[in-house]
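Below: one structure, written as structure tokens.
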Amino acid sequence: MKRKLFISGILGLGWLCMAYSTDHGIAKKRVKSEKMLNRFVLSQQFEFPGKAVNDSADPQEEDITHAFELGYNASNGIRLNPRAIQFVQDYMERNGEDLRKMKSWATPYFKTIDNILLKYGLPSELKYLAVIESELKSTATSWAGAVGPWQLMPQTARDLGLKVNRSVDERKSYTKSTHAAAKYLRDLYREFGDWLLVIAAYNGGPVNVYNAIRRSQGSRNFWKIQNFLPAETRMHVKKFIGTHYIFEGQGSVTTLTKAEVTEQLGVTATHLINRRLTSAELANAKSMEVSGKYYSAAIIKNIMMDAAEFNRYNPDFDAIMASNDNAYEMKLPADKMELFIANKYIILNESVQLLLSGATVIK
């Protein structure tokens, strides 16, 4: 389908506050008047063709619209919510250059954060929350007293096990503060089960989120309750989504509501959320969609893989394969996938025999 765009003019001048100010925004340089940037507003009535993601390429200003094409038909199946498009597009235009520059010096910090988030079973994309909180600055301090890359308040930090006193402030430690933030994010997700609500609660507190839910007659859809949230909290969630798109070029489960995860990812939703692999593991992994009567015990036996490792790569495999959906995007290290392909029919036969013999499937 031919792409259609509406050009609504050029960017004006404006400023955003620094990340550790009251606005919790991303620092932005004023747009030079001689640099004319078109702002594309995508009409909701058209469909947009997808574009293959190049993980090694950084989105450039002239490619901003591509991110939104990906948002509609991304290779990972994740689409940007229509209510977010205009804000995120403006945000990318205003902050994309500065954030892309951050990539060059932020890599060591991101690796540290990724490894810690992985230990807590959290999506690595949550690291972008630290970007909008503090621009990854350990010395960042807000007017309210929040300190460090994760902008933790003193009592919250102490409750999470950090030392905060006149002589020591562990909120400034990347490692220790990330462990604390991960605990908090994990607990918030257990409470809300929705990443957009988690990010809102991280910024404004769970009470504000519950108040917004109550005032919206019980809705737990961020896009429906957003106007009942404090303005700063509402913008915080959108800035997270915008930052995510600048760094990733597409969305993830952390940019979707719980309902959108189910709608857009279908039967793969659960294991895509729970699958926690390092960048190196993902680079070495191969994927294959399987359907039928495959059983993990037969796969593990024939590819000589540790059961815990198989389950880490493929959470809830047996439960999903035993469901009515009966399909799974199986991911394995490259060498193990070769063994699976070579022994595919033996594995399927053994799987059927195990199931017929009454092997227990955990649901």
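The values are calculated or read from the model by the stated rules, or taken from the named source; none is laboratory data. What you see is a predicted model; the values in this text were computed from it and never measured. Methodologically, a virtual Cβ is constructed for each residue, glycine included, from the backbone with ideal geometry; neighbour enumeration extends over all protein chains shown. Surface areas here come from the heavy atoms of the whole protein model, side chains and all, with no ligands, DNA or RNA. Shrake-Rupley method; radii C 1.70, N 1.55, O 1.52, S 1.80 Å.
With +1 assigned to the C-beta of every Lys and Arg and -1 to the C-beta of every Asp and Glu, and no other charges, what is the dipole magnitude of the stretch 160-216 about the Cα centre in debye, to the nearest 20?
Approximately 160 debye in magnitude.
Provide the per residue accessible area, probe 1.4 Å, for the stretch 169-299, rounded to a whole number of square angstrom.
Heavy-atom SASA per residue in the stretch 169-299 reads 40 Å².
What's the Kirkwood radius of the stretch 201-251 in Å, using all Cα pairs? Working shown, then result.
Details: mean 1/r = 0.0877 Å⁻¹.
Its Kirkwood hydrodynamic radius stands at 11.4 Å.
Collect residues whose amide H, placed 1.01 Å from N in the peptide plane, falls under 5 Å from the amide H of Leu152; neighbours closer than 5 in sequence don't count.
Val147
Using amide H atoms built in the peptide plane, which far-off residues or other-chain residues are under 5 Å from Lys286 H to H?
Distant-sequence amide H within range of Lys286: Leu332, Ala334.
Top to bottom by accessible area (1.4 Å), largest first, where do Arg186, Arg171 land?
Arg186, Arg171
In the structure displayed, which of Lys119/Lys336; Lys176/Lys238; Lys301/Lys331; Lys127/Lys183 lie more than 19 Å apart, Cα to Cα?
Lys119/Lys336; Lys176/Lys238
With every protein chain kept in the model, how would you rank His179, His236 by accessible area, 1.4 Å probe, largest at the top?
Working: His179 50, His236 0 Å².
So the residues, ranked largest to smallest area, are His179, His236.
So which trypsin sites (Lys or Arg not before Pro) in the stretch 93-170 are both in a DSSP loop and have at most 11 other Cβ atoms within 10 Å of their Cβ?
Working: sites: Arg94, Arg100, Lys101, Lys103, Lys111, Lys119, Lys127, Lys137, Arg158, Lys163, Arg166; in loops: Lys137, Lys163, Arg166.
When the trypsin sites (Lys or Arg not before Pro) of the stretch 93-170 are filtered for loop state and at most 11 Cβ neighbours within 10 Å, Arg166 remain.
The stretch 109-257: percent of C-alpha pairs farther apart than 20 Å? Let's see the in-between values first.
Numbers: 5059 of 11026 pairs.
Considering the stretch 109-257, 46 percent of its Cα-Cα pairs are separated by more than 20 Å.
What accessible surface, in Å², does a 1.4 Å probe find on Phe247, ignoring ligands, DNA and RNA and rounding to the nearest 10?
20
Please list, by residue number, every one of the chymotrypsin sites (Phe, Trp or Tyr not before Pro) in the stretch 100-171 that is coil in DSSP and has at most 15 other beta-carbon atoms within 10 Å.
Details: sites: Trp105, Tyr109, Phe110, Tyr120, Tyr128, Trp143, Trp150; in loops: Tyr120, Trp143, Trp150.
Passing both the DSSP loop test and the Cβ count: Trp143.
Ordering Val237, Val352 by how much accessible area each has at a 1.4 Å probe, largest first, what is the list?
Largest accessible area first, the list is Val352, Val237.
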